[in-house]
Amino acid sequence: MSLSGLDDTPPALFPAPESDTPAPARRRRGPPHSGPTPGDDAGRQLVFFGAEAAEPVVADLAGLLAGPGEVVRMGGTARLSVRVDAAWRVHVLVAELASRGLAASWEPTEGERHAVRTSYTRVLKPLAAAWLHGTAKRPPATFHLTGRRLRLWVAAAGTPAPPDGFLLRLGADDRECWEPIGVALDAAGLAGTLLSPDDGGPAYRITGRRRLGRLAELVGAPPRTAPPEAWPT
């Protein structure tokens, strides 16, 4: 593989943890560490706070599922994966997963993209149970967006949309998710316009000085590996 920001070694592989306690993250031959060092809680009041105001938890990964992330089940375990379009996103997501005690690996895919995925683990089973209806992905009724969830979404699939917007990309095959995700954005003070695949989506376009300022406030400062121009400001 020849890709700026990632080495030519094969993707790292990790065994699934043997218990529900997240195993200490290990990385072999994966991208060098850089960047910042499940199911939704039923009945939780909708509170929106910045990414730096709380400790990272596994439930934050719902932010990846709001975008193009996928979760699949195998027996009593589950695995989360997401395809991204830039090497810096790989670095950020591997670090974010490690901060939640989840081993991760990455590999190149077609079209100059990269797949980041966790091991199969029982730790992700509640997230899968909340989001999967059969094999279809759908947000749970209690889904809401916090700063940490939005930060992960931006890291995986956030894109500036000059001259005055920012795109939060969605899963192309997740049509049942698009509307409820928009409702969650609206509740977070980030009402956006849904762009269809024909208009450069699927994605929500966030515009307006106030909403863009709120997005920047919620997601916090850019990770060290993220190009400054790629992050909400």
Answer residue from the range 95-144, given it is of a type in the set (Phe, Trp, Tyr) and farther than 24 Å from residue 180 by Cβ and is most open to solvent (accessible area, probe 1.4 Å) among those: 120
Pairs with Cβ under 8 Å, 6+ apart, first in the range 134-152 and of a type in the set (Phe, Trp, Tyr), second assigned to a loop (DSSP other than H, G, I, E, B): 143/40
What is the residue count in the range 131-179 for residues that are in a loop (DSSP other than H, G, I, E, B) and among the aliphatic types (A, V, I, L, M)? 4
Cβ-Cβ under 8 Å, sequence separation 6+ or interchain: first residue in the range 211-224 and at negative phi and basic (Lys, Arg), partner crowded, with 22+ Cβ neighbours inside 10 Å and not in a loop (DSSP other than H, G, I, E, B). Which pairs? none
As an exercise: evaluate residue 202 against (1) under 26 Å from residue 117 (Cβ atoms); (2) surrounded by 14 or more Cβ atoms within 10 Å (Cβ to Cβ); (3) in contact with a Pro (Cβ under 7 Å, 6 or more places away or on another chain) and give the number of the one condition it does not meet. (3)
Hey, could you check the range 70-83 for residues that are surrounded by fewer than 22 Cβ atoms within 10 Å (Cβ to Cβ) and of a type in the set (Val, Ile, Thr) and say which is nearest to residue 136 (Cα to Cα)? 72
Against the conditions (1) open to solvent by 20 Å² or more (accessible area, probe 1.4 Å); (2) of a type outside the set (Val, Ile, Thr); (3) farther than 15 Å from residue 58 by Cα, where does residue 155 fall short? Just the number, please. (1)
Can you pull out every residue in the range 126-140 that is farther than 23 Å from residue 92 by Cα and modelled with pLDDT of 95 or more? 126, 129, 130, 131, 132, 137, 138, 139, 140
Give the residue that is nearest to residue 70 (Cα to Cα), with candidates limited to residues of the range 205-224 that are open to solvent by less than 30 Å² (accessible area, probe 1.4 Å) and not in a loop (DSSP other than H, G, I, E, B). 219
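The values are calculated or read from the model by the stated rules, or taken from the named source; none is laboratory data. Computed from a predicted structure; not experimentally measured. With ideal geometry, Cβ positions are generated from the backbone for all residues, glycine too; neighbour counts draw on all protein chains shown. To get the accessible areas, we keep the full protein, side chains included, count just its heavy atoms, and leave off ligands, DNA and RNA. Shrake-Rupley method; radii C 1.70, N 1.55, O 1.52, S 1.80 Å.
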